[in-house]
Amino acid sequence: MVDSHAHLQHAQFDADRDAVVDRAIAAGVERILVPGWDVASSEAALQMAERHGPVVLAAVGVHPHDAGAMDEAAWRRLESLAADPWCIAVGEIGLDYHRNLSEPVVQREAFARQLALAAQRDLPVLVHCREAHADVTDALLAWRGRHGGSARGVLHAFSGDVAMAAALAAAGFLISFALPVAFRSAVGPRAAATALPETALLLETDSPYLGPDRERRNEPTTVLRVTVELAALRETTPEAIAAGARDAFERLVVA
């Protein structure tokens, strides 16, 4: 199995980070992609990949919440991190109009800048989208990065509808589902999870977030439950879901 999005560099894992990775491996998780959300967390992701590779892989990027804190020195540092051999993607990037912790115009500028960086480095993108579906879809469909047999990127913890998922999957993006796909209130993601071809699906936990309840820290072993939930939705086996997601992940990270 693959957990395509887990923030294992988060402070919530400081006490037992190595044990969390060991538990994931024991549960059958073969790859964990650790994205950054700012410069410091991107540096930490690369350090984790160096320590725990090839199980742990790293991405570098600036989350829309943190876009307003970036100055030119920080952007230059991020660009240097994207050239690191341990970096396999640019992310977590995107737009979040729900909380607007950075001004929307600043978010859009940071998103465009990082899409350009990913194209320059020939890297896929890991995209956050919350209440910004039209703007994210338009930006990704216009993006000129990553063609050929490789996946262009991932819509992480997908929250859109079937139309958005289908348009982006047709353009070469993968659609990733976390545990909220199990909730009946997630009408759009659940419909997308059943409508998409198997080749477009990815699994993730978004650890330490999006866990089984608000009191417990999430970790990569939860990807087992996500696999089971998707299998039930698609009326297939967990083994088939896990195998398809692993194949999709390989298309994402192929050089």
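Things to note:
- Residue in region 4-14 that is surrounded by fewer than 20 Cβ atoms within 10 Å (Cβ to Cβ) and part of a helix (DSSP H, G or I) present: yes
- Residues in region 149-156 include none that are touching a helix residue (DSSP H, G or I) at 6+ places or on another chain (Cβ under 7 Å) and among the basic types (Lys, Arg).
- Checking LEU95 against (1) touching a His at 6+ places or on another chain (Cβ under 6 Å); (2) modelled with pLDDT of 95 or more; (3) not hydroxyl-bearing (Ser, Thr, Tyr), the condition it does not meet: (1)
- Note on region 79-130: residues that are polar (S, T, N, Q), in contact (Cβ under 8 Å) with a residue 24 or more places away in the chain, more than 23 Å from GLY148 (Cα to Cα) and in a helix (DSSP H, G or I) amount to 1.
- Each residue in region 173-215 was checked for being part of a helix (DSSP H, G or I) and either out of contact with any strand residue (DSSP E or B) (no Cβ under 8 Å at 6 or more places or on another chain) or of a type in the set (Gly, Ala, Ser) (or both), and 15 pass.
- Listed by first and then second residue, the pairs linking a residue in region 207-235 that is without any contact (Cβ under 8 Å) to a residue 12 or more places away in the chain to a residue that is part of a loop (DSSP other than H, G, I, E, B), with Cβ atoms under 7 Å apart and 6 or more places separating them unless they lie on different chains, are ALA231/THR237.
- Taking each residue of region 46-66 that is closer than 23 Å to ALA27 by Cα and touching a residue at least 24 places away in the same chain (Cβ under 8 Å) and looking for partners that are in a loop (DSSP other than H, G, I, E, B) and hydrophobic (A, V, I, L, M, F, W, C) with beta-carbon atoms closer than 8 Å, six or more apart or interchain, yields MET48/LEU8; ALA49/TRP86; GLU50/TRP86; GLY53/TRP86; VAL55/VAL29; VAL56/LEU8; LEU57/TRP86; ALA58/TRP86.
- Flag if ALA157 is in contact with a strand residue (DSSP E or B) (Cβ under 9 Å, 6 or more places away or on another chain) and either buried (at least 17 other Cβ atoms within 10 Å of the Cβ) or not basic (Lys, Arg) (or both): yes
- For region 228-237, the count of residues that are touching a strand residue (DSSP E or B) at 6+ places or on another chain (Cβ under 6 Å), at pLDDT 95 or above and either hydroxyl-bearing (Ser, Thr, Tyr) or surrounded by fewer than 16 Cβ atoms within 10 Å (Cβ to Cβ) (or both) is zero.
- Qualifying residue in region 139-159 (condition: closer than 20 Å to GLY244 by Cβ and of a type in the set (Ser, Thr, Tyr)): yes
- Some residue of region 155-168 being aliphatic (A, V, I, L, M) and in contact with a His (Cβ under 8 Å, 6 or more places away or on another chain): yes
The values are calculated or read from the model by the stated rules, or taken from the named source; none is laboratory data. In this text the structure is predicted, and so the values were computed from the model without any measurement. Heads up, the Cβs are rebuilt from the backbone with ideal geometry, glycines too, and the neighbour counts pull from every protein chain shown.
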